[in-house]
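Here's the structure, in structure tokens; my notes come after.
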Amino acid sequence: MHADDYDDTQLAVQKDRVYGLLTHPTAPCLPAALAVSEKHDQSGQELISAYNLGLEVETKISEAMSPRHYQHGFHSTATCGVFASTSAVAKLYGLDSDTTTRALAIAGSQAAGLRENFGTMTKPFHAGRAAEAGVIAADLAQAGWTATDKILESPRGFFQAHGGGYELDALHGKLGNPWTFMDPGVSIKPHPSGSLTHPGMTKMLELVLEHDIQPGDVEKVDVGTNHNMPNALIHHRPTDELQANFLHGILHGDIVTGAPRRTARIYR
């Protein structure tokens, strides 16, 4: 899912988030829920309930997280995603609150993923590893594995270690109130590339289709961005397809050279 780059993106409520985006919440949550529900022959209703719960936990944690978490290099889809997969699996297992708390603490010690690996095979590995970590955490907790009961808020816990603090008002009393799926919602990628490339790509696609622009008509393309973009779209001279997914020039070239005439979406 995350490797194909056709996943969802959590929209931020708070205005101080650098890009207005937070995580790709389904990527670490749904695979774990699917695997466990299939193994235990659970119903579709049980699967969807667990998935929604996991996504809600992840998105509320990421909303409460200090923006420094992402700015300092953590990949929030992975680091917050472990809490999504763990919550979903705990729900499917029917764990009680104490066991679920320990499972979340075990997950917190597995929370990892660094943005320096964007544009490599390791980036989607982050999401897969977060899915796996949730299953491991729930299994260990169910087996009696011990862990703290305050992994998020402790001075040595997740929020402090991964960003230097958190905003209690963004988390306390907010689970399901409202559900993130309802407000502010999630966006679905229109193109299989880094989310920050999409506004420019969408506008380029509109221009190509509206004016029937041919490759020979284009001498140069100028794309304006804010100063934060180069910190996320880090591969300015890509050497492979994965790096190219983070470069406006390559992606706009894909559009101009004919992909829109085959489909309304850009396939790699």
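The values are calculated or read from the model by the stated rules, or taken from the named source; none is laboratory data. The structure presented is a predicted model; accordingly, all values stated were derived computationally and were not measured. Here Cβ is always computed from backbone atoms with ideal geometry, including for glycine, and neighbour counts include all displayed protein chains.
Assorted remarks:
- As for segment 171-188, it holds no residue that is in a helix (DSSP H, G or I), on the phi < 0 side of the Ramachandran plot and of a type in the set (A, V, I, L, M).
- Scan of segment 110-128 for residues that are surrounded by fewer than 19 Cβ atoms within 10 Å (Cβ to Cβ) and either in contact (Cβ under 8 Å) with a residue 24 or more places away in the chain or not assigned by TED's automatic domain parsing to the domain that holds ALA32 (or both), ordered by number: GLN110, ALA112, LEU114, GLU116, ASN117, THR120, MET121, GLY128
- Looking only at residues in segment 55-79 that are of a type in the set (S, T, N, Q) and surrounded by fewer than 24 Cβ atoms within 10 Å (Cβ to Cβ), the one that is farthest from LEU92 (Cα to Cα) is GLN71.
- Considering (1) in a helix (DSSP H, G or I); (2) more than 28 Å from HIS227 (Cα to Cα), the lone condition that LYS60 does not fulfil carries the number (2).
- Filter pass, LEU140 being over 18 Å from the mean Cα position of the chain (by Cα), crowded, with 23+ Cβ neighbours inside 10 Å and not in a loop (DSSP other than H, G, I, E, B): no
- Residues of segment 141-151 include none that is at pLDDT below 95, among the charged types (D, E, K, R), more than 18 Å from THR23 (Cα to Cα) and assigned by TED's automatic domain parsing to the domain that holds ALA111.
- Some residue of segment 102-114 being assigned to a helix (DSSP H, G or I), touching a strand residue (DSSP E or B) at 6+ places or on another chain (Cβ under 9 Å), of a type outside the set (Lys, Arg) and farther than 20 Å from ASN52 by Cβ: no
- Within segment 170-191, considering residues that are touching a helix residue (DSSP H, G or I) at 6+ places or on another chain (Cβ under 7 Å) and over 13 Å from LEU55 (Cβ atoms), the one surrounded by the most Cβ atoms within 10 Å (Cβ to Cβ): HIS191
- Residue identified as surrounded by 14 or more Cβ atoms within 10 Å (Cβ to Cβ) and at pLDDT below 75 among LEU233, LEU251, LEU196, LEU205: LEU233
- All of (1) under 20 Å from SER62 (Cβ atoms); (2) touching a Ser or Thr at 6+ places or on another chain (Cβ under 9 Å) hold for THR148 with one exception: (1).
- Here segment 158-169 is the region considered, the condition is being under 18 Å from the mean Cα position of the chain (by Cα) and assigned to a loop (DSSP other than H, G, I, E, B), and the residue that is surrounded by the fewest Cβ atoms within 10 Å (Cβ to Cβ) is GLY163.
- Some residue of segment 155-176 being in contact (Cβ under 8 Å) with a residue 12 or more places away in the chain, closer than 30 Å to ASN245 by Cα and among the hydroxyl-bearing types (Ser, Thr, Tyr): no
- Residue among HIS227, HIS211 that alone is more than 15 Å from PHE118 (Cβ to Cβ) and at pLDDT below 90: HIS227
- Restricting SER85, SER97, SER62 to residues that are without any contact (Cβ under 8 Å) to a residue 24 or more places away in the chain and either of a type in the set (Gly, Ala, Ser) or closer than 22 Å to SER187 by Cα (or both) narrows the list to SER97.
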